[in-house]
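Structure first, commentary second.
The values are calculated or read from the model by the stated rules, or taken from the named source; none is laboratory data. Every value quoted in this text rests on a predicted model; they were computed, and no experiment measured them. Cβ placement follows ideal geometry from the backbone for every residue including glycine, while neighbour counts extend to all protein chains displayed. What goes into the accessible areas is simple: the full protein's heavy atoms, side chains included, and nothing from ligands, DNA or RNA. Shrake-Rupley method; radii C 1.70, N 1.55, O 1.52, S 1.80 Å.
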Amino acid sequence: MEAPPFASSSKTLPFRSSSASSLLFLPKTHLNFRRPRSFSVRASSAADSGVTLLDYGAGNVRSVRNAIRHLGFDVKDVQTPEDILNAERLVFPGVGAFAAAMDVLNKNGMAEAICSYIEKDRPFLGICLGLQLLFESSEENGPVKGLGLIPGVVGRFDSSNGFRVPHIGWNALQIEKDSLILDDVGSHHVYFVHSYRAMPSDENKDWVSSTCNYGDNFIASVRRGNVHAVQFHPEKSGGKISFLSPVYVGLTILRRFLYPKTNLEKKPTERKALKLAKRVIACLDVRTNDRGDLVVTKGDQYDVREHTKENEVRELGKPVELARQYYKDGADEVSFLNITGFRDFPLGDLPMLQVLRYTSENVFVPLTVGGGIRDFTDANGRHYSSLEVASEYFRCGADKISIGSDAVYAAEEYLRTGVKNGKSSLEQISRVYGNQAVVVSIDPRRVYIKNPKDVEFKTIRVANPGPNGEEFAWYQCTVSGGREGRPIGAYELAKAVEELGAGEILLNCIDCDGQKKGFDIDLIKLISDAVSIPVIASSGAGSAEHFSEVFRKTNASAALAAGIFHRKEVPIQSVKEHLLNEQIEVRI
């Protein structure tokens, strides 16, 4: 049973939200396993189908649940560690921070149950943090002791070599030995999103079934007997085996674990994945139309109304239907930006929560949602923290949360005081879910100037002079959907939010929005060179060539478009075929 909607009138938090929020207040480490008096960690099992899903209350586990159901297995709730010990097949999709997860597992007797289950060589699949926790310890907020089943320490990626951290996106695997669940997958990209990794060594080489190269070769998967664990997310690795194939990579991995005796046909390899791919993201700007229906719209420099007598909202489709289509078309991620619905009561927007729930049932690539993620107080005086707001959207299917205006205010305060107070939405959410789950959406407007000394913000020499021949410009950040300018530049904001805990930047440009003349290369190069976290280029795409241009001329990790996809002017598959022809690594 799913947790009740967060917008319930009850004064108490729904169970899984409480679990996620409580991670903030638990002590950092517990070095000894102990059995609890009562059990409050959420897990799920299906005795009839032989599957148990462990959900300890943090992050988006809905997608794993939906993928298992999609493959024909029912998933039900359990209440005690004994349900883990009695499981026929155990799936552990760990999400969040290592220390917080171990605190919960130890406090509730889950650590001992998992160790006992695995030591008996029973079918187990750990995902992401579910792999990391098997190791001896982690440096994340540590050192923190892990389950100790695999020799090794989980450490942070080294960003000093130019590689961006977190490691976000679709990367290639190098199969080291027979992995069973990775048969036919090693030639394709799979989806990673993490800042910490375990390294192969002589002590753990018998475990390692595949590695991935990102600066160094880190452990991408392990296998010993019936025990499997992967650093990537199979439930989000929903790419097709080929453009024309109906078979999806991530579901194939899960199917091989759930149906180990099934002989699945191996598909011929069309192209071998080589390295981290550039991502092509479909963005859906969602709002209610004048009749109250939730629709996908698209702005022209953030104006979403038609220039007609009726001045109606521009409607380009239904959000769930479009998201499903973009998944089938090969989008690497789908981003929902709710541009009006969250203003007064973020958790009261039940239609948007339903969009996430329905989309996650059939869309197995990462989902991002943004719009109004902040602290707020409802009409009854009930206060909700931004962490509680984000928790509900994670539970409804979001993999990443996008923060806009609230990030600007937090950055301004941080730059003014030089102090991280820990209260901003950025800091709250990244502390529990990890910075890889937090995207900051920056909405700047170009301001031309004649002399860089005229402003206190970072300026650039522009490729194309301003209307009065100005050779320089700075980028003023805005809030409230671009309606209000703030005294902070995009460069200063990007640097500040990285320090506050952002794991990725979605870089828009009001001047280019809807113009179809290409991305603002000057802006994207400025920001992508300034930070060590991934940057998503947005605003202005009008052709497939604009995507190759931004990837060649800047350090952008991904490029996002909306209108050209909605109007079917430039199909996603055409963009990817063009990038392949230009020798730019993409996921097919």
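Of 517/568; 275/517; 275/328; 495/525, which ones are farther than 19 Å apart at the Cα?
Where the Cα-Cα span goes over 19 Å, the pairs concerned are 275/517; 275/328.
Tell me the carbon and sulfur percent of the accessible area for region 386-485, rounded to whole percent, probe radius 1.4 Å.
C and S atoms contribute 44 percent here.
Tell me the per residue accessible area of region 50-258 using a 1.4 Å probe; a whole number in Å² is fine.
Counting only protein heavy atoms, the per-residue value for region 50-258 is 29 Å².
Going through region 117-166, which chymotrypsin sites (Phe, Trp or Tyr not before Pro) have at most 15 other Cβ atoms within 10 Å and a DSSP loop state?
163
Can you find, among 430, 371, 390, the residue farthest towards the positive end of the dipole of region 346-496? Put +1 on the C-beta of Lys and Arg, -1 on that of Asp and Glu.
Highest projection toward the positive end goes to 430.
In region 488-588, what trypsin sites (Lys or Arg not before Pro) fall in a loop by DSSP, with at most 13 other Cβ atoms inside 10 Å?
517, 567, 568
What is the count of Lys pairs in region 50-258 whose alpha carbons sit under 26 Å apart, if the two are 8 or more places apart or on different chains?
12
If I model region 530-583 as equal point scatterers sitting on the Cα atoms and use the Debye formula, what is log10 I(q)/I(0) at q = 0.14, 0.17, 0.28 Å⁻¹?
Computed log10 I(q)/I(0) values: -0.36, -0.52, -1.18.
Could you tell me how far the Cα centroid of region 71-117 sits from the Cα centroid of region 484-529, in Å?
Here the answer is 40 Å between Cα centres.
Of all accessible surface on region 50-258 at a 1.4 Å probe, what whole percent is carbon and sulfur?
45
Any number yet on Rg/Rh for region 379-438, C-alpha, Kirkwood?
On the Cα set of region 379-438, Rg over Rh gives 1.00.
With a probe of 1.4 Å, find how much accessible area region 444-584 has per residue, and write the answer as a whole number in Å².
40
First select every other residue whose beta carbon is under 12 angstrom from the beta carbon of residue 67; then total the charges, Lys and Arg +1, Asp and Glu -1.
With Lys, Arg at +1 and Asp, Glu at -1, the net is +3.
Might you work out the accessible area of residue 455 for me, using a 1.4 Å probe with all protein chains in place, and round it to the nearest 10 Å²?
Using a 1.4 Å probe on the heavy atoms, I get roughly 40 Å².
With the alpha-carbon atoms as the only input, what is the per residue convex hull volume for region 407-498 in Å³?
Measuring per residue, one finds 107 Å³ for the Cα hull of region 407-498.
Among the trypsin sites (Lys or Arg not before Pro) within region 83-169, which fall in a DSSP loop and have no more than 13 other Cβ atoms within 10 Å of their own Cβ?
Of the trypsin sites (Lys or Arg not before Pro), the ones in loops of region 83-169 whose Cβ has at most 13 other Cβ atoms within 10 Å are 120.
Would you mind getting the Kirkwood hydrodynamic radius of region 50-258 from its Cα pairs, rounded to one decimal in Å?
Final number for the Kirkwood radius of region 50-258 is 17.1 Å.
Taking the Cβ of residue 545 as the center, what net charge do the other residues with Cβ under 11 Å away carry, scoring Lys and Arg +1 and Asp and Glu -1?
Result for the local shell: -1.
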